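A.B. asks: First the structure, then my questions, so here it is.
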Amino acid sequence: ELSEQRIKWSDSHDDKAYDSLVYYNQELEKFILDFTSNNSKTLQYPFKNIRDNIDIVTSKDGLFRIYTWNTLEGGTMQFFQNVYQYSHNGKVYAQLDRTPKNNDGYDYYDINDVRVGDKYYYMTSRVSRGSSALFYYQAKIFSIENGKLNPDEKLIKTKTGINNTLGYEVDLSS
């Protein structure tokens with residue numbers, strides 16, 4: 001039986017609390033990676049008690065899931081961390097988003113399953129928040145091939161060729 005463990009979240013703006021954010025985000029990252037890669041039931045588990053702090057989106061086929069949390073390390077610019085979880089041949093895997101650390105990350109909010117021929121793709125919707133007025137919305141494609149998650153799958157045709165992402169910026173200050 002799977003049970004949710006308690007994780008204490010703090011909204012403290014104390015400088016000492018901010019200094020510990022990096023450490024606790026790394027601990028949370030390790031915990032999610034370990035817990036989701038060693039417990040196959042986590043791919044379908046609803047995790048109702050943590051949904052206020054961790055966004056979880058799951059593909060309709062139940063084989064791909066993304067855990068996203070705001071690291072609270074930004075001010076009006078919000079930084080996000082992601083763990084991808086997927087299943088292949090009945091085994092569950094988890095991996096950290098490989099986005100460079102100098103990127104503020106994305107908040108994933110939807111996954112659409114897409115079938116092209118015999119191949120399945122996952123078109124995700126995500127947003128990056130550069131400030132309280134600047135947003136960058138993006139579609140990104142994933143696939144699962146030979147037991148590995150491919151976060152660089154190219155499926156979106158544009159004038160410049162076949163791409164992995166397609167996005168647009170919204171600036172509410174202009």
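The values are calculated or read from the model by the stated rules, or taken from the named source; none is laboratory data. Since the structure is predicted, the reported quantities are computational estimates derived from the model, not experimental observations. A quick note on method: Cβ atoms are made from the backbone with ideal geometry, for glycine too, and the neighbour counts reach across all protein chains shown. Side chains included, ligands, DNA and RNA excluded: accessible areas come from the protein's heavy atoms. Shrake-Rupley method; radii C 1.70, N 1.55, O 1.52, S 1.80 Å.
A.B. asks: When you check S12 against the structure, is it touching a Phe, Trp or Tyr at 6+ places or on another chain (Cβ under 9 Å) and modelled with pLDDT of 95 or more, yes or no? Talk me through it step by step, then tell me what you get.
C.D. replies: Working: touching a Phe, Trp or Tyr at 6+ places or on another chain (Cβ under 9 Å): yes; modelled with pLDDT of 95 or more: no.
The answer is no for S12.
A.B. asks: Please report, ordered by residue number, the strands (runs of 3 or more DSSP E) entirely within segment 79-174 with at least 1 residues that are surrounded by fewer than 14 Cβ atoms within 10 Å (Cβ to Cβ).
C.D. replies: Numbers: elements: 80-88, 91-96, 107-116, 119-129, 134-145, 148-150, 156-158, 161-163, 165-171.
The qualifying strands (runs of 3 or more DSSP E) are 91-96, 107-116, 119-129, 134-145, 148-150, 156-158, 161-163, 165-171.
A.B. asks: Can you name the residue in segment 66-93 that is under 22 Å from L43 (Cα atoms) and hydrophobic (A, V, I, L, M, F, W, C) and is also farthest from the chain's Cα centre (by Cα) among such residues? It would help to see each step written out before you state the result.
C.D. replies: Restricting attention to segment 66-93, the residues satisfying the condition of being under 22 Å from L43 (Cα atoms) are 66-70, 80-93.
From the residues that got through so far, the ones that are hydrophobic (A, V, I, L, M, F, W, C) too are 66, 69, 80, 83, 92.
Numbers: I66: 4, W69: 8, F80: 8, V83: 5, V92: 16 Å.
Checked segment 66-93; the qualifying residue farthest from the chain's Cα centre (by Cα) is V92.
A.B. asks: V127 passes all but one of (1) in contact with a Lys or Arg (Cβ under 7 Å, 6 or more places away or on another chain); (2) under 17 Å from V57 (Cβ atoms); which number fails?
C.D. replies: That leaves (1) as the condition not met.
A.B. asks: Looking only at segment 23-75, which residues are in a helix (DSSP H, G or I) and open to solvent by less than 50 Å² (accessible area, probe 1.4 Å)? Full working, then the answer.
C.D. replies: Here is the first cut: in segment 23-75, the ones in a helix (DSSP H, G or I) are 23-38, 40-43, 48-50.
If the condition is that a residue be in a helix (DSSP H, G or I) and open to solvent by less than 50 Å² (accessible area, probe 1.4 Å), then N25, L28, E29, I32, L33, F35, T36, S37, T42, L43, I50 are the ones that fit.
A.B. asks: Continuing with this model, one more query. Identify the single condition in (1) modelled with pLDDT under 85; (2) touching a helix residue (DSSP H, G or I) at 6+ places or on another chain (Cβ under 7 Å) that Y93 does not satisfy, given that it satisfies every other one.
C.D. replies: The failed condition is (1).
This table checks each residue for (1) in contact with a strand residue (DSSP E or B) (Cβ under 6 Å, 6 or more places away or on another chain); (2) acidic (D, E).
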position	(1), (2)
K119	no, no
A139	yes, no
E145	no, yes
D152	no, yes
